[in-house]
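Inspection log for the structure reproduced underneath, given as structure tokens.
The values are calculated or read from the model by the stated rules, or taken from the named source; none is laboratory data. Fair warning: this is a prediction, and the values are worked out from it, not measured in the lab. Cβ sites come from the backbone with ideal geometry, for glycine too, and all protein chains shown count toward neighbours.
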Amino acid sequence: MFKNIFAIYAALVMSVGFSGNAMAKDAHSYANLDAVSSRHLHLDLTVDFDQKTLSGYAEYDIVRHDAAASSFIVDTRDLTINRVEVLGENWQPTTFTLAAPEAILGAKLTIALPDDAQKVRIYYRTSPEAAGLQWLTPQQTAGKKHPYLFTQSQPIQVRSWIPIQDTPALRLTYSARIKTPKDLFAVMSAVNDPDAVRDGDYDFIMPHKIPPYLVALGVGDLHFKAMAGNTGIYGEKYILAAAAAEFADTFEMVKVAEKLYGPYQWGRYDILMMPPSYPMGGMENPMLSFITPTVVAGDKSLVDLIAHELAHSWSGNLVTNGDWNDLWLNEGTTSYVENRIMEEVFGLERAKMEKALSSQGLLRELKTLEDVDTSLYVDLAGRDPEKAFSGVPYIKGQLFLLYLEEKYGREAFDPFLKQYFTAHAFQSMTSAKFITYLKANLMDKHPGVVSMDKINEWVYDTGMPDDSPRPTSDIFARVLQDQQDWLAGKISLKDIATTNWTVHQWLHFITNLPEEMPEKMMRDRMTQLDEAYNLTASRNNEIAHAWLLQGLKHDYQAILPRLKVYLPSIGRLKLIRPLYKQLATTPGGLAMARKIYRPARPGYHPSAQKVLDKILGE
Ligand SMILES: [Zn+2]
């Protein structure tokens, strides 16, 4: 344990030597890791749905790196600290100082550490407004009978429900005892027992060292349905069968990923189905991915999300970005691995379409971003690390690895990436350290293929390199040709063979409808499309999203009744933020958006509320 902590620290110190861009100290944590770090967390918490609080204690096994260290510093946000004890000869109270909160970082908690202290126990209570917790009333769940609680710790929200050294430069194991109302069931990013007696008292162990942002908890009227191999689904009863059918290929995905990138190291891979208000697509909590129900489409068309969260079992959870400046190491690598899994399980054509859709999306998004935010490595000091979560770390990062794959060929690149995961398993990684490893293990072995200048351009420069891969698909070319012929009046809609179109083809067709067309003509075209395909009523959440967005852009009013139902029913920001944003571009639209938003707001996640409040000036 100690050896590994030391190795992380040594790696961080080393990375400074390689690049002035790498930082040894995470700008988003107050923790004094270099002096004292925690190697194991034990949580003992009571979940109170009436008060909307967690209360109890967090206990740490600590490791001193500096013998003279006299304090243990942890991150907190909106926590009430009741008392702190330390274990030397025996448990005794110690003094602590909770600093005034800082807007982004929260409040620094400094705990006095006697020389003989081996453990620290912090008694605390969370705030009902804790940024990392969402408390749902029974009304906000599908079953309507029981409340639901879930956590979202990434990037720096774990400190709002656990006082902790909240930096991904740290890794620790954890155990927990969680007490809930008797009729509810608790699950964590840990070893879960689906047969545990439902008595409101649950125990968990995460035996692997994880970064703090992967500590996760879900509580609700949860049940379990096993799938093949080591996979299964937790969730409210209504969705178990549908989710198990939708995600039936999960075990196949695990096997494919193992073949490419080495053994799955986490034991089970289960999925927790989140309530509809879940603000994200998924969260790669180890052993238990949290997944939005918006991808249960009935035809497996959106299961690339499962491939994505599963891929994090290698990139992110096993090899982890050392701080949020290097988020691309988690998300870009994961997006690349995700697409490789999709190719193996669902075939090359689908993988190509998904790559093409996401890279086209990135090119559109780049036009809306500040130039400084378009490099893979971003210096986020002084900024909220939430800001890092654009398409850049995901898709530009994916394209970077795709570029390397194309340059070196899969026969060289695949073993390299597999070895990268194996060599850095359960460690943190920085851009500088990645480049050093890349040079020694791929570039130097195949000299003259890619220059170091090129690598630095990809990682540190803004915008897209001129020779970036441009994923395309023959199937998409056909879709666009049909679209152009139809718009030009050469063919009618019934001449287009849409019967077997996949969701990807529909998305490509809809998002590529021309921007520059007279409004009236465009509305007529949308009316024709609706008459032929009933897109306004699409039950596929992605298709509906793309169509509603086009409708708003072209003032196609027939979508409005659906829009008013769609927006409050979904909490996933990817699907609702662009619609609110588009509405907010006109005074009439903004007024409508606020009218939809105000009653819907309590059902959204705190982090979604923050984003949408800003867009709508609320
Ligand atoms: Zn991800």
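Here are some notes:
- Region 44-77, subset of a type in the set (D, E, K, R) and not in a loop (DSSP other than H, G, I, E, B), residue nearest to T180 (Cα to Cα): D48
- Every residue from region 388-432 that is more than 16 Å from the ligand (Cβ to nearest atom) and within 14 Å of L327 (Cα to Cα): S428, T430, S431, A432
- Entry remark, region 492-510: residues being of a type outside the set (V, I, T) and outside any helix (DSSP H, G or I) number 4 in total.
- Residue within region 157-177 that is of a type outside the set (D, E), free of Cβ contacts under 8 Å to residues at least 12 places away in the same chain and at negative phi present: no
- Condition met for E349 (more than 16 Å from the ligand (Cβ to nearest atom) and out of contact with any helix residue (DSSP H, G or I) (no Cβ under 7 Å at 6 or more places or on another chain)): no
- Test result for D326, in a helix (DSSP H, G or I), more than 13 Å from the ligand (Cβ to nearest atom) and in contact (Cβ under 8 Å) with a residue 12 or more places away in the chain: yes
- All of S277, S335, S289 fail the test of being of a type in the set (S, T, Y), outside the structural domain of V392 (by TED's automatic domain parsing) and within 13 Å of the ligand (Cβ to nearest atom), apart from S289.
- On the stretch given as region 570-617, residues that are within 26 Å of the chain's Cα centre (by Cα), farther than 22 Å from T141 by Cα and charged (D, E, K, R) total 3.
- Enumeration of residues in region 78-99 that are assigned to a strand (DSSP E or B) and of a type in the set (G, A, S): none
- Taking region 294-323 as the range and being away from the ligand (no atom under 15 Å from the Cβ) and either acidic (D, E) or closer than 28 Å to R383 by Cα (or both) as the test, the residues that pass are D299, G322, D323.
- Which numbered condition A241 misses (of (1) closer than 19 Å to V187 by Cβ; (2) buried (at least 16 other Cβ atoms within 10 Å of the Cβ)): (2)
- Residue match in region 254-261 (condition: hydroxyl-bearing (S, T, Y), within 16 Å of the ligand (Cβ to nearest atom), within 27 Å of D221 (Cβ to Cβ) and out of contact with any Ser or Thr (no Cβ under 8 Å at 6 or more places or on another chain)): no
- Failed criterion for D304 (all others in (1) more than 30 Å from S569 (Cα to Cα); (2) out of contact with any strand residue (DSSP E or B) (no Cβ under 9 Å at 6 or more places or on another chain) hold): (1)
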